[in-house]
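A short write-up of the structure that comes next.
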Amino acid sequence: MSAQLRDTAGELAEILWREHTVYRERSGGVVIRGEHVQRWISLAPAGGQGEVLVRAGRILDGGTTAPARSEAVVPLSAGTGVLAATCRRLLAEAAADVEPVAPGRAVPGRSNQSGKAARAKGGGKHTSFGSWVILACVAGVIGLYVYNTAMHG
């Protein structure tokens, strides 16, 4: 199964991306990395005979891989075309999970409870409580310095 998986992964890599790296995992699966698109596909033997577990995920800055965003089980007998279509669907799902959302648009498949676009954390005009505490401490240190300098010359 390992040799067949490696051959299938090679064919699949050529269909998916012009630039790719194919390598074996320690667990016996095969990984196809598309560095230029920051995505990866993993093919591993599934529970059933002749079935393969296909997983897709992102490649993070620095080259490490994020956990799989989506997965599917496909029979190897279905052919490379069906595998490629499944991979494209999984890659699209993985990309949809990380795409930035335009203001006023909801992410497909997720509910937006407030009905308004969510404000980015830390992107507002209000100073947070933690910032006020730091400002108060800095002001206290400056006040203590001025007091000590005035009293002791």
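Consider region 50-67 and keep the residues that are modelled with pLDDT under 80 and more than 17 Å from GLU25 (Cβ to Cβ). The one that is farthest from the chain's Cα centre (by Cα) is GLY62. If the condition is being surrounded by fewer than 16 Cβ atoms within 10 Å (Cβ to Cβ), outside any loop (DSSP other than H, G, I, E, B) and more than 21 Å from the chain's Cα centre (by Cα), then region 22-49 contributes only ARG24.
Looking at region 68-75, can you tell me whether even one residue there is open to solvent by 90 Å² or more (accessible area, probe 1.4 Å), under 22 Å from the mean Cα position of the chain (by Cα), modelled with pLDDT of 85 or more and not basic (Lys, Arg)?
The answer is yes; a qualifying residue exists.
Got a sec? Which of ALA95, ALA68 is touching a Gly at 6+ places or on another chain (Cβ under 6 Å) and not basic (Lys, Arg)?
Values: ALA95 fails: touching a Gly at 6+ places or on another chain (Cβ under 6 Å).
Within the list ALA95, ALA68, the selection yields ALA68.
Of all the criteria given as (1) over 30 Å from VAL31 (Cα atoms); (2) at pLDDT below 60, the one not satisfied by ALA139 is (2). The C-beta contact set for region 1-21 (first residue surrounded by fewer than 18 Cβ atoms within 10 Å (Cβ to Cβ), second residue basic (Lys, Arg), distance under 6 angstrom, 6+ apart or interchain) comprises THR21/ARG33.
The values are calculated or read from the model by the stated rules, or taken from the named source; none is laboratory data. Just so we're clear, the structure is a prediction, and the values are computed from it rather than from any experiment. Glycine gets a Cβ as well: all are built from the backbone with ideal geometry, and neighbour counts include every protein chain shown. Just the protein is used for accessible areas: all its heavy atoms, side chains included, with ligands, DNA and RNA removed. Shrake-Rupley method; radii C 1.70, N 1.55, O 1.52, S 1.80 Å.
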